[in-house]
Amino acid sequence: MGQIFRGSVTFPIRMERINQSALKIAKWLVKRENVTFVFYPGLESNSGHELAKKQMGHGFGGVISFGLNTDDKTVEHFCAALKVVTFAVSLGHDESLIFPQPSNEERIHLYPEQFRKGFIRFSVGLEDSDDIIGDLDLALRTVGL
């Protein structure tokens with residue numbers, strides 16, 4: 001219990017950093033040629049942006065969903081090529097975590113059409129945003145995207 005209380009002291013500043021980094025990374029992803037969509041409430045292009053501004057007054061969180069214009073195998077290779085970002089099945093940590101959602105997953109039909117191919121869930125952590133962007137860029141180039 002003591003660790004929770006100690007961690008709560010720095011929580012606001014950690015979330016501020018995560019919010020800033022996630023928005024910067026989302027804006028970078030939007031500009032990538034082989035990124036098919038970026039779903040992040042901090043982007044003005046997001047359909048829920050106005051509502052998110054009202055509900056999330058201090059930032060939009062650290063979770064970004066995006067898609068790559070490629071097959072599941074290449075998406076998995078992209079995630080595995082990352083060095084700063086950790087390929088993991090759970091999200092929500094102080095470190096950046098990423099997980100591809102396979103197109104044959106049993107509930108994928110519940111997602112909007114654009115999420116059914118190349119869908120990646122990404123939880124931005126406390127690493128430097130430029131380091132994360134550099135890592136994403138290198139991994140995209142490594143797999144030919």
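Quick rundown of the values:
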quantity: Hits in the range 55-81 - residues which are free of Cβ contacts under 8 Å to residues at least 60 places away in the same chain, out of contact with any strand residue (DSSP E or B) (no Cβ under 6 Å at 6 or more places or on another chain) and more than 17 Å from Glu16 (Cα to Cα); calculated: Asp71, Asp72, Lys73
quantity: Odd one out for Leu140 among (1) farther than 15 Å from Ile18 by Cβ; (2) open to solvent by 80 Å² or more (accessible area, probe 1.4 Å); (3) modelled with pLDDT of 90 or more; calculated: (2)
quantity: Which numbered condition Asp94 fails, given (1) at pLDDT 90 or above; (2) among the charged types (D, E, K, R); (3) part of a loop (DSSP other than H, G, I, E, B); calculated: (1)
quantity: Any hit, the range 80-94, residues being closer than 26 Å to Glu44 by Cβ, open to solvent by less than 70 Å² (accessible area, probe 1.4 Å), in contact with a Phe, Trp or Tyr (Cβ under 8 Å, 6 or more places away or on another chain) and not acidic (Asp, Glu); calculated: yes
quantity: Residue check, His58 within 28 Å of Phe11 (Cα to Cα), open to solvent by less than 80 Å² (accessible area, probe 1.4 Å) and more than 14 Å from the chain's Cα centre (by Cα); calculated: no
quantity: Selection within the range 101-139 - assigned to a strand (DSSP E or B) and farther than 21 Å from Asn46 by Cβ; calculated: none
quantity: Test: residue in the range 64-77 that is closer than 19 Å to Trp28 by Cα, open to solvent by 70 Å² or more (accessible area, probe 1.4 Å) and not polar (S, T, N, Q); calculated: no
quantity: Residue within the range 31-46 that is of a type in the set (Lys, Arg), open to solvent by 30 Å² or more (accessible area, probe 1.4 Å) and either part of a loop (DSSP other than H, G, I, E, B) or in contact with a Phe, Trp or Tyr (Cβ under 8 Å, 6 or more places away or on another chain) (or both) present; calculated: yes
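The values are calculated or read from the model by the stated rules, or taken from the named source; none is laboratory data. Since this is a predicted model, take the numbers as computed values, not measurements. Glycine also receives a Cβ, built like all others from the backbone with ideal geometry; neighbour counts cover every protein chain displayed. Side chains included, ligands, DNA and RNA excluded: accessible areas come from the protein's heavy atoms. Shrake-Rupley method; radii C 1.70, N 1.55, O 1.52, S 1.80 Å.
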